[in-house]
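Here is the structure we will look at, set down as C-alpha cells.
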Amino acid sequence: MADTNAARLRKLQPLQAAQVADALLRLATVEAITGLGRSTIYAKLKTPENQFPQPVRIGTRCTRWRAGDVTAWVAAQVAAAK
C-alpha cells in the first residue's frame, strides 16, 4: 500500500499549476485541489447536469482537466455553500 501512495505522490503536479488557467491537470492533482476522489469525479461527470468540468482528451488513454475550469468549479462550490 505504501508503494502505491508513493507512486501517486511522484505523479502529483505542483499545486501551483492550478494558478495557470490553461494548464492541463492530472487526475491526482484535481483530486488534491477539490478534495474529491477518483470515483466521485467520474460519477459527477456522468450526471446529466454536468456537475463537474469536462476533461480534455489528449490521447486514447490520457485525460486532463483545464486548471481554470477546476478552480472555477471549486469557487462555485464555495459560493453555493455560503
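The values are calculated or read from the model by the stated rules, or taken from the named source; none is laboratory data. Worth saying up front: this structure is predicted, and the values here are computed from it rather than measured. All Cβ positions, even for glycine, are placed from backbone atoms using ideal geometry, and neighbour counts span all protein chains on display.
A few notes on this one:
- In region 10-26, residue modelled with the highest pLDDT [restricted to those that are surrounded by fewer than 10 Cβ atoms within 10 Å (Cβ to Cβ) and within 24 Å of Q54 (Cα to Cα)]: D22
- Qualifying residue in region 62-74 (condition: modelled with pLDDT under 95 and among the small types (G, A, S)): no
- Verdict on A6 being at pLDDT 95 or above and in a helix (DSSP H, G or I): no
- Restricting G68, G35 to those that are surrounded by 11 or more Cβ atoms within 10 Å (Cβ to Cβ) and within 18 Å of A18 (Cα to Cα) reduces the list to G68.
- Residue count for region 28-82, restricted to those that are in contact with a Leu (Cβ under 9 Å, 6 or more places away or on another chain) and of a type in the set (S, T, N, Q): 4
- For first residues located in region 56-68 and touching a residue at least 24 places away in the same chain (Cβ under 8 Å), partners that are among the aromatic types (F, W, Y) and part of a strand (DSSP E or B) and lie 6+ apart or on another chain with Cβ distances below 8 Å form the pairs V56/W65.
- Test result for A32, within 11 Å of V70 (Cβ to Cβ) and small (G, A, S): yes
- Complete set of residues in region 42-57 that are among the hydrophobic types (A, V, I, L, M, F, W, C) and under 21 Å from Q16 (Cβ atoms): V56
- Number of positions in region 42-73 that are more than 16 Å from Q13 (Cβ to Cβ) and β-branched (V, I, T): 2
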